[in-house]
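Below is one structure; the comments refer to it alone.
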Amino acid sequence: MELFGKPLKLVILDVDGVILDLLARWQDNLEAAAREVGLPVKPIRAKLAAEQAGIKTQTDSNLREGIALMWPTASPAKLDRYYDCYREEEKRNPYPPIAGSTETIHWLREHCVRVAVCTTNPLVALTHRFRGAGIDFSWFDGCATGDDKYCKPHPRAFEPIFEKINVPREHSVYIGDWYPDFQAARNAEVPFIAVLTGGIPRFAFLREGVPEDRILECLAELPK
């Protein structure tokens, strides 16, 4: 199998917005946690509206950074309480797979393409997410999480995967839905494909320099 004129041996996937439908329940979970700890929900709605409009604001690279940006005057203790409440909401209200995403993972494996995930989620959160969506870790040959030394958008975020899976980077592709996904792939010289299922619109990826033919509506379009 080839992609971009070279043999394709490894597909690395972001999780939220690529495999899992974060948008289906994300706002509900974020707002439920905010009400639980007494934080206003307006910053949540403003953040999501800006992302869906393609407005690039100060970009957080993980959940804790995003929380701090939404409520910059809140105490660290309150932000920690919010983080814990949000993780509990996720367990009660898990994210479903995006239509066709798990089928595409199986299709790649059936065609002898190895599959890995690179996410900023810590392993414990990723475990809850996969369990809630009926996804098994055995589907993946490698995994890089928020517990590793380097996380997106750092170019070394992919190191745990390439240390385990010995393939040339030009024979791999990273599929993501978020600005740090593209930044990490570009800096690590890993080919990149954007999907639109995470809420970032097509024109925003074009603005960032992602070519039109490397932007898909969803992961399920990859086999085409």
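Being of a type in the set (D, E, K, R) and at pLDDT below 95 is not true of GLU110.
Consider ALA99 carefully, then state whether it is under 18 Å from the mean Cα position of the chain (by Cα), among the small types (Gly, Ala, Ser) and under 23 Å from CYS143 (Cβ atoms). I'd like the intermediate steps shown before the answer.
Values: under 18 Å from the mean Cα position of the chain (by Cα): yes; among the small types (Gly, Ala, Ser): yes; under 23 Å from CYS143 (Cβ atoms): no.
The answer is no for ALA99.
Among the residues of region 129-142, is there at least one that is basic (Lys, Arg), in contact (Cβ under 8 Å) with a residue 24 or more places away in the chain and surrounded by 18 or more Cβ atoms within 10 Å (Cβ to Cβ)? Within region 129-142, one or more residues are basic (Lys, Arg), in contact (Cβ under 8 Å) with a residue 24 or more places away in the chain and surrounded by 18 or more Cβ atoms within 10 Å (Cβ to Cβ).
Conditions tested, residue by residue: (1) open to solvent by less than 70 Å² (accessible area, probe 1.4 Å); (2) within 16 Å of the chain's Cα centre (by Cα); (3) under 27 Å from LEU39 (Cα atoms).
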site: LYS56; (1), (2), (3): no, no, yes
site: ASP80; (1), (2), (3): no, no, yes
site: GLU88; (1), (2), (3): no, no, yes
site: GLU103; (1), (2), (3): no, no, no
site: LEU108; (1), (2), (3): yes, no, no
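Checked against the criteria, LEU48 does not count as among the aliphatic types (A, V, I, L, M), out of contact with any Pro (no Cβ under 8 Å at 6 or more places or on another chain) and not in a helix (DSSP H, G or I).
Taking the stated definitions as given, is PHE130 within 27 Å of TYR86 (Cβ to Cβ) and modelled with pLDDT of 95 or more? Here the answer is yes, as PHE130 does meet what is asked.
The values are calculated or read from the model by the stated rules, or taken from the named source; none is laboratory data. None of these values were measured; they are calculated from a predicted model. FYI the Cβ positions are ideal-geometry reconstructions off the backbone, even for glycines, and counts take in every protein chain you see. Note: accessible area is taken over every heavy atom of the protein model, side chains too, but ligands, DNA and RNA are not part of it. Shrake-Rupley method; radii C 1.70, N 1.55, O 1.52, S 1.80 Å.
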